[in-house]
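Have a look at the structure below, then the notes.
The values are calculated or read from the model by the stated rules, or taken from the named source; none is laboratory data. On a predicted model such as this, the values are computed, not experimentally measured, just so you know. Quick reminder, even Gly has a Cβ in these numbers, built from the backbone with ideal geometry, and neighbours come from all protein chains shown.
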Amino acid sequence: MSHGGATGTRRSADSLADAFYPLFAYLFDEDGDFVADVETKLAEARMPDTVELYLSRALAVGVLAGGLLWALGTAVGYVLFMTGVVEVGILIGVPVPNEATLRLIEALKVPSLVVASGLVLGTIGFAGGFGAVAAIPYMRASSRKREINMLLPDAISFMYALSVGGLNQLEILEAMAKADDTYGEVSREFQSIVQETEYFDTDYRTAIRKRSLETPSDEFGQFLTDMLSIVSSGGDMSDFLDDKKDKHMRTAKQEQEMTLETLELFGEMYMTLSLFPLLLIIILVIMSMLGQAQVDMLYATVYGLIPLTGVGFLVLVSTVKQDDPGDGYLDPNDGNERVAADTGAGLLHLGLVERYVGEFSVFDRVKSREGTHETILLLKRPHVFFRDNPLFVLGLTVPASLVLVGSAVWTGAAPRTVDGMVANPVWGTFVYVYVPIYVTLLPLAVFHEWNVRSRRTVTNNLSEGLRKLSSANDTGLTLLESVRTVADTSSGKLAREFDVVHAKVEYGMSLRAALVEFNNRYHIPRLARTVTLVSKAQEASSRITEVLSTAAQASENQDDIARERKSRSRMQVVIIVMTYLTLLAVMAILKVRFLDVMAGLADQASSSGGSASGAGPAQFGQGVDTTLLGMLFFHAVTLQALLSGFIAGYIRDASLLAGVKFAVVLPTVALLTFAFI
């Protein structure tokens, strides 16, 4: 049903594009620069549409969106201007020569405003609709370019390992095309080369040349061009890949350096951006003290400007901060049914038995007992389950927080009105904001950090383990024997996992299946690339000393990049935290030394009967609700704490979940500060 629906949607979209093709032919030159540029981006984004069809569809979307907004703008303009909701006075103020012209202008003024409203919104709708569709190939091409550049050093290391293992040029291309679970968009570029040679009867030199022109990555295009020259001249592919491997590893470090410098600039920008709402709040408070109350502006600043500033900065950082592409899972393509059944299994998936349920009653009984076993295991060790699946803890904590907040509201323990919140802001905010934070985010932060640390213990010793494997293999041991030797002579989680891999192979599992199962247990993209490289090389030969050395070198390069990123990003986190603490200190001082003092002076002047000595302060603080301002100050620092926490975590590890621990600690500091002042 869904497939038929998608096909019908596609057919209707194509019909819409066909209907607007004459408009495309009228507006655009098919040989023009813009059309050629969109065509290039469509190829780089691997989108199958022709440029004529795609731009015609974009025009259709633009016209439909423009038409809808034109109708809406005309209707809104009619309601506002024709019915007198908005009085239309003098628009330009230019004198007119005679009375007749004045009457004509007066008659056309309101209809012109209605028409202009429709045209403005219609133009915005057309530009937005057409621009959004036309920008999709650019965004997809940019995303593919980013991933290709990140994975290219590891992909070249993989190709070098295959070359050293004895594979020829065509076998290397085919192996790269099949490794899309590890090398993502780089592998899909090679898929295009292989598919063109297989299905279009093109020699692979021509296919490589064509791909070098259509890839979104200039670095990958240059690599294909250089590889083509080696292929055409009959040069040594291994030496070429070895040189390219070293070059792109150095390039990856240089790009990491540029990224970190950009993040340092963003850290300085954040100091200015986060202090702007504070300065605006101070100005608005002073204006309120002078009798020019700006309560609506204060609300807009606290509940609008602060969140928008934080979210906007988070989006800005996400355009620069690079995460590790891929989910880390490997596809066991060697026919091992058990590993294949467990790969990517969901919470209720029971593994291999799921494939045979319904054939015989014995499999139904096996599934029932397996489900009972898994349930008992989960109930006995729920902390282990939540460690491996941190987000599942939200299934318990979110309902619990809703129940607690709902109970507080039902029993009257929490304020139910805005006036009640203003009268007791700390307690009200604690119930509505801090209770969900502690009940929901605190367990998530604990289990997520536990998950990250348990997985990181494997990669911490990965480079050293690969070096030991290479040394053992160089002495004449097979890869399996080398694995056992390293497991016996090392300690830590990686050594225990090597021991488990050896035991599985001894009991009949293939080495590749055991390695894939080991990888999928931790599903770390970096580990997946290493396992793919080693397992593919050992299929060709058991003597893979150079391959293991290459894997160790690639792992050490990743260690260096991660170490530098951690060191430099730590400074950005410190800047964000110190900026927030500065904002918190200023807000606390404002409340204690300014609001409370001025409120006390105003009360003293009022109680003295308006004497001359008290008239000034009374007039200065007249009409200022200090309890309301205190609540707004508290909410401002709480919102800033949450946003600063998530931004700090994202800068550190390119993950919002990494910011959960900061989003718990920083608001706690604000709560303690305002609870005791």
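With the stretch 492-610 as the region, which helices (runs of 4 or more DSSP H) entirely inside it contain at least 1 residues that are modelled with pLDDT of 80 or more and basic (Lys, Arg)? Can you show your working first?
Details: elements: 493-506, 511-522, 525-540, 545-589, 596-607.
Here the list reads 493-506, 511-522, 525-540, 545-589.
Considering only the stretch 520-536, state which residues are of a type outside the set (D, E, K, R) and farther than 14 Å from ASP324 by Cβ.
Within the stretch 520-536, the subset of a type outside the set (D, E, K, R) is 520, 522-525, 527-528, 530-535.
Answer for the stretch 520-536, where residues must be of a type outside the set (D, E, K, R) and farther than 14 Å from ASP324 by Cβ: ASN520, VAL531, THR532, LEU533, VAL534, SER535.
Could you list all residues from the stretch 418-458 that are among the hydroxyl-bearing types (Ser, Thr, Tyr) and surrounded by fewer than 20 Cβ atoms within 10 Å (Cβ to Cβ)? Full working, then the answer.
From the stretch 418-458, those among the hydroxyl-bearing types (Ser, Thr, Tyr) are 429, 432, 434, 438, 440, 454, 457; that's our starting set.
Passing the criteria: TYR432, TYR434, TYR438, SER454, THR457.
Quickly run through the stretch 195-220 and pick out the residues that are part of a helix (DSSP H, G or I), surrounded by 18 or more Cβ atoms within 10 Å (Cβ to Cβ) and of a type outside the set (Phe, Trp, Tyr).
Those that are part of a helix (DSSP H, G or I), surrounded by 18 or more Cβ atoms within 10 Å (Cβ to Cβ) and of a type outside the set (Phe, Trp, Tyr): GLU196, THR197, ALA207, ILE208, ARG211, SER212.
Of the residues GLU196, GLU171, GLU185, GLU147, only one is charged (D, E, K, R), more than 23 Å from ILE524 (Cα to Cα) and touching a residue at least 12 places away in the same chain (Cβ under 8 Å); which? Steps first, answer last, please.
On the way: GLU171 fails: touching a residue at least 12 places away in the same chain (Cβ under 8 Å); GLU185 fails: more than 23 Å from ILE524 (Cα to Cα); GLU147 fails: more than 23 Å from ILE524 (Cα to Cα).
Testing whether each residue is charged (D, E, K, R), more than 23 Å from ILE524 (Cα to Cα) and touching a residue at least 12 places away in the same chain (Cβ under 8 Å) leaves just GLU196.
Identify, from the list GLY77, GLY84, GLY62, GLY73, the residue that is of a type outside the set (Ser, Thr, Tyr) and at pLDDT below 65. Walk me through it before giving the result.
Values: GLY77 fails: at pLDDT below 65; GLY62 fails: at pLDDT below 65; GLY73 fails: at pLDDT below 65.
One residue alone meets the criteria, GLY84.
In the set VAL403, VAL486, which member is loosely packed, with under 15 Cβ neighbours inside 10 Å and without any contact (Cβ under 8 Å) to a residue 60 or more places away in the chain?
On the way: VAL486 fails: loosely packed, with under 15 Cβ neighbours inside 10 Å.
Step by step, each of VAL403, VAL486 is checked, and only VAL403 is loosely packed, with under 15 Cβ neighbours inside 10 Å and without any contact (Cβ under 8 Å) to a residue 60 or more places away in the chain.
I'd like to know if the stretch 90-98 contains one or more residues that are assigned to a loop (DSSP other than H, G, I, E, B), modelled with pLDDT of 85 or more and either of a type outside the set (Val, Ile, Thr) or in the same structural domain as LYS210 (by TED's automatic domain parsing) (or both).
Keep residues of the stretch 90-98 that are assigned to a loop (DSSP other than H, G, I, E, B), which gives 90-98.
If we keep only those that are modelled with pLDDT of 85 or more too, we end up with none.
No, the conditions are met nowhere in the stretch 90-98.
In the set SER555, SER510, which member is within 18 Å of ASN461 (Cα to Cα) and not assigned by TED's automatic domain parsing to the domain that holds LEU263? Give the derivation first.
Details: SER510 fails: within 18 Å of ASN461 (Cα to Cα).
Criteria check complete, one pass: SER555.
Yes or no, residue by residue, for (1) buried (at least 23 other Cβ atoms within 10 Å of the Cβ); (2) modelled with pLDDT of 90 or more; (3) part of a helix (DSSP H, G or I); (4) on the phi < 0 side of the Ramachandran plot:
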residue: GLY623; (1), (2), (3), (4): no, no, no, no
residue: THR627; (1), (2), (3), (4): no, no, yes, yes
residue: MET631; (1), (2), (3), (4): no, no, yes, yes
residue: GLN640; (1), (2), (3), (4): yes, yes, yes, yes
residue: SER644; (1), (2), (3), (4): yes, yes, yes, yes
residue: PHE662; (1), (2), (3), (4): yes, yes, yes, yes
residue: VAL665; (1), (2), (3), (4): no, yes, yes, yes
residue: THR668; (1), (2), (3), (4): no, yes, yes, yes
residue: LEU672; (1), (2), (3), (4): no, yes, yes, yes
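Is it true that LEU462 is under 29 Å from LEU657 (Cα atoms) and either surrounded by fewer than 17 Cβ atoms within 10 Å (Cβ to Cβ) or at pLDDT below 90 (or both)? Show your work before the answer.
Numbers: under 29 Å from LEU657 (Cα atoms): yes; either surrounded by fewer than 17 Cβ atoms within 10 Å (Cβ to Cβ) or at pLDDT below 90 (or both): yes.
Spelling it out, LEU462 is indeed under 29 Å from LEU657 (Cα atoms) and either surrounded by fewer than 17 Cβ atoms within 10 Å (Cβ to Cβ) or at pLDDT below 90 (or both).
Consider SER491 carefully, then state whether it is small (Gly, Ala, Ser) and buried (at least 18 other Cβ atoms within 10 Å of the Cβ). Let's see the steps before the verdict.
Details: small (Gly, Ala, Ser): yes; buried (at least 18 other Cβ atoms within 10 Å of the Cβ): no.
The answer is no for SER491.
Which one of ALA408, ALA400, ALA414 is of a type in the set (Gly, Ala, Ser) and part of a loop (DSSP other than H, G, I, E, B)? Even if it seems obvious, please write down each step before you answer.
On the way: ALA408 fails: part of a loop (DSSP other than H, G, I, E, B); ALA400 fails: part of a loop (DSSP other than H, G, I, E, B).
Criteria check complete, one pass: ALA414.
Take the residues in the stretch 236-261 that are touching a helix residue (DSSP H, G or I) at 6+ places or on another chain (Cβ under 8 Å) and farther than 30 Å from VAL573 by Cα; name whichever of them is surrounded by the fewest Cβ atoms within 10 Å (Cβ to Cβ).
Filtering first and then ranking leaves ASP236.
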